[in-house]
1. When all alpha-carbon pairs of segment 46-122 are counted, what percent fall beyond 21 Å?
2. Viscosity 0.890 mPa s, temperature 25 °C: what is the translational diffusion coefficient of segment 107-223 from Stokes-Einstein with a Kirkwood Rh over Cα pairs, rounded to a whole number of µm²/s?
3. For labels at Ala339 and Thr149 in the simple 7 Å Cα→Cβ model, what's the distance in nm?
4. Exactly which trypsin sites (Lys or Arg not before Pro) in segment 196-246 are in a DSSP loop and have at most 13 other Cβ atoms within 10 Å?
5. Filter the trypsin sites (Lys or Arg not before Pro) in segment 268-314 to those in DSSP coil with at most 16 other Cβ atoms within 10 Å of their Cβ, and list the result.
6. For segment 65-171, what does the alpha-carbon gyration tensor say about shape, rounded, prolate or oblate, given a ≥ b ≥ c as the root eigenvalues, a/c under 1.5 as rounded, and a/b over b/c as prolate?
7. Grab the alpha carbons of segment 290-406, take their convex hull, and tell me the volume per residue in Å³.
8. Roughly what percent of Cα-Cα pairs across segment 134-284 reach past 23 Å?
Amino acid sequence: FKSTDRMPPLPSMRKAIVRGALLVAALSVVSCEEADAGTTTTTANAGKNIAGFTTTNDATEYAKITIDIKDIETEMKKDNMAGYPEAMKIFREGKNSKKSDGSLRTLEGMGIKKEEPFGKLYDVYSQVVADGRIGYTPHGSVLAALNGTDGVYGKYATGSISNKPDFRSQVAKKTIKFQVLQLYALHEIESAFGKYKKDESATLALDEWWAFYAGEGETGTASGTGPYILPEKRSAFFGTGGRTVSNGGVSRVNQLLLAGTKEIQTLMLVKGNDAKIDNIIKCMRAQLKVGLIQGCIQYVYKTDKDSKYPGDPTNAAAQGETWAFCSGVLPFLHEVSAADAATLRAETDLVPDNSKNPSFSKVKAVFSAKNLNAMGLSCKDIGGFVPGKDTTSLTTEGDDFKTCNDGTISNMYADTTKCTGTWAESAGSAAHRHTASFFSMAASFLLSAALIMRN
């Protein structure tokens, strides 16, 4: 029979089975994203694997937002900065990721959600005064770098370092990936949990989280242009890799994020799992801080002329990456130590001194065990420099940044001690992959059953 025809009568037993399945599937009926007007979902690509996670709904258009990032990077590589106006246009108006009404999803439109845990921290930090300047937001930083004008975010027109294309492009693309998009991806987890607690459909919001985080073209091995790539790349230098993730990834961060996402997908099939889901999300929030902290530490090391690397403060690209990573850490560090956040900003923000040589020893000190633990992280989450790790981008010396020793880990919203349980312990194992695959197929079956019964 055709898909538009009504299904022929089912034997009574089959009807009973399907109807029973629908009691569970009720929580998985698709709905619109509350913050994305005009968006609906179809089942055309439901069940698609995105970097190891099988979505319940069609999340392909959401994942395409990372193609915008790729196109922005391409434009910024053009000679004499000729592509910056087009890069700005893509950021503000969108290009590749379509909503169901045909309008384009935009990176600029992925705003900070002030009512959510991370959004609150960014909102608080946006009001911190530094050198007479107030207001840091990742969106403002991107716009300033793309515009190339002087202001509270940088001397992009007159600075001897920050007016260079290498500096501007690194600030723009890495702030987009690891602050703007990563924060918005996390918002979708928060949204999914909120919907679940209200007995509303949560599957699409959960799918959107992973689609935004991994992005189009990501297989699991840092092959894409989304936030997913950061912990994969940094893990080699900090000893936080070496994992066998089911999608081919190696970082502990992505191992936990993928396993946590699959576990939440399973837990949301039935009611009453609020506490379990809340703990997994606390674990995931903590892990999303890791890559930014590692990037900040590593690139200050690469920039400080007095480090053993040795660094080069005249390297515009390195300075740009330093600020892109460290600025993303500032709201988290400010929460636990305003003084240490001020130190980090003084060492990495080029507005007061465009020829600033960041002090690795000072920056290393702000990432003490006390501060990491207060941010909800363990010392092993961040790791330590891997001795003699030689690549084209950076050599690290083990004695220069050692893994610290934990005190008491305590943070209300981000907590790595919640990264425990069967889902975390078996992450990446064959048994876990088979179990996760089973539940993903089960979710798809239940959704299909729902569609059958509607006809």
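The values are calculated or read from the model by the stated rules, or taken from the named source; none is laboratory data. Computed from a prediction, not measured in an experiment: that's the story for all the values here. With ideal geometry, Cβ positions are generated from the backbone for all residues, glycine too; neighbour counts draw on all protein chains shown. Just so you know, the surface numbers come from the protein's heavy atoms only, side chains and all, with ligands and any DNA or RNA stripped out. Shrake-Rupley method; radii C 1.70, N 1.55, O 1.52, S 1.80 Å.
1. Values: 1357 of 2926 pairs.
Within segment 46-122, distances greater than 21 Å cover 46 percent of Cα pairs.
2. On the way: Rh = 15.8 Å.
It comes out at roughly 155 µm²/s.
3. It works out to 3.9 nm between the two label points.
4. Values: sites: Lys197, Lys198, Lys233, Arg234, Arg243; in loops: Lys198, Arg243.
Here the sparse-neighbourhood loop sites are Lys198.
5. Values: sites: Lys271, Lys276, Lys282, Arg285, Lys289, Lys302, Lys305, Lys308; in loops: Lys271, Lys305, Lys308.
For trypsin sites (Lys or Arg not before Pro) across segment 268-314 that sit outside H, G, I, E and B with at most 16 neighbouring Cβ atoms in 10 Å, the list reads Lys271, Lys305, Lys308.
6. Working: a/c = 2.73, a/b = 1.05, b/c = 2.59.
Since a/c reaches 1.5 but b/c is at least a/b, the shape of segment 65-171 is classed as oblate.
7. Working: hull volume 10.4 nm³, N = 117.
It is 89 Å³ per residue.
8. Numbers: 5430 of 11325 pairs.
Tail of the P(r) past 23 Å holds 48 percent of the pairs.
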